[in-house]
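Below you'll find the structure, written out as C-alpha cells, and then a few comments.
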Amino acid sequence: AFIAARMDGPERFSVAVLDHAGAVLFTEELDGRAHDIAISPDRATAVVFARRPGFFALVVDLAGRRRVVTFVPPERRHFYGHGFFSADGRLLYATENDYEAERGVLGVYDVAAGYARIGEIDTHGIGPHEALLMRDGRTIAVGNGGVATHPGFDRVKLNLPTMAPSLVYIDAATGDLVDKVALPASLHQLSIRHMAESADGTIWFGGQYE
C-alpha cells in the first residue's frame with residue numbers, strides 16, 4: 001500500500017492509505033496540513049507529522065485502520081515535518097526546532113510509553129528538515145536546512161544572508177556527532193531538505209535554493 005498526506009479542500013486535511021491501483025483503503029482526518037510520514041519497522045504503524053511549523057503528530061494503526069493517538073512537541077519546540085523509527089521500533093525520532101535558541105534537535109519519543117518525549121539530540125545546525133536512520137542501524141543522517149524560522153513569524157526566513165546548511169552524521173546509540181559536512185560558501189543558500197540512502201550507503205539529498 002501507499003500512504004500520503006493530502007488536502008481535501010480549503011482548510012480540510014487528511015492522511016490516506018491507498019492500494020497499488022490507487023483505490024483508497026481508509027483515511028483519517030488531520031487537524032492541519034501534514035508533510036511526511038514515518039513507518040515502523042514492522043510496517044504496522046505510521047506517524048504523520050504536521051507541516052513546518054507543526055505542533056501535532058498522529059499515530060495510525062495501519063493493520064487496524066484506525067487512529068491511535070495524537071501527540072505534540074514540548075513548549076518552545078515545533079516539528080519540521082519528518083521523523084523515523086529506531087531499528088527495533090522502540091523509539092521515534094522527530095526533527096524539531098528549538099526556535100528561541102535557533103537550534104535544531106531530534107526529539108526522542110518512547111513508543112511503548114504512548115510516545116512520551118524522553119529526550120533530544122542536538123543536530124549541530126539550524127533547521128533540520130529530514131533525518132533518517134541509515135542501513136547500518138547505527139548512524140543517523142540529518143539534513144540541516146540552515147534556515148532560521150520562528151512560529152511567531154509564520155514561515156518567514158530570518159537568516160538568509162547567514163544560512164549555513166549541513167549534512168550531519170550522528171551516532172544513534174550515544175547521540176554524538178560523527179561527522180558534519182558543509183556546502184561551499186557559494187552554495188550557502190541551498191537549503192538541504194529531503195534525503196535518501198542508496199544501496200552503497202551514499203546519502204543523496206535535494207536542496208531548495210533560497
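The values are calculated or read from the model by the stated rules, or taken from the named source; none is laboratory data. This structure is a prediction, so every number in the text was calculated from the model and none was measured. Reconstructed Cβ throughout: ideal geometry from the backbone, glycine too, with neighbour counts over all protein chains shown. The area values use the complete protein model at the heavy-atom level, side chains included, leaving out ligands, DNA and RNA. Shrake-Rupley method; radii C 1.70, N 1.55, O 1.52, S 1.80 Å.
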R52 vs. criteria assigned to a loop (DSSP other than H, G, I, E, B), touching a residue at least 60 places away in the same chain (Cβ under 8 Å) and either within 23 Å of A16 (Cβ to Cβ) or open to solvent by less than 50 Å² (accessible area, probe 1.4 Å) (or both):
yes
Residue list for region 2-23, restricted to those being surrounded by 11 or more Cβ atoms within 10 Å (Cβ to Cβ) and either aliphatic (A, V, I, L, M) or under 21 Å from V72 (Cα atoms) (or both)
I3, A4, A5, R6, M7, R12, F13, S14, V15, A16, V17, L18
Is it the case that region 179-188 has a residue that's of a type in the set (S, T, N, Q) and without any contact (Cβ under 8 Å) to a residue 24 or more places away in the chain?
yes
Would you call H124 of a type outside the set (S, T, N, Q) and touching a Lys or Arg at 6+ places or on another chain (Cβ under 7 Å)?
yes
Residues of region 161-188 satisfying the condition of being among the hydrophobic types (A, V, I, L, M, F, W, C) and either open to solvent by 50 Å² or more (accessible area, probe 1.4 Å) or touching a Lys or Arg at 6+ places or on another chain (Cβ under 7 Å) (or both):
A164, V168, A172, A173, L177, V178, V181, A182, A185, L187
S191: passes all of (1) of a type in the set (S, T, Y); (2) surrounded by 15 or more Cβ atoms within 10 Å (Cβ to Cβ); (3) in contact with a Leu (Cβ under 9 Å, 6 or more places away or on another chain) but (3)
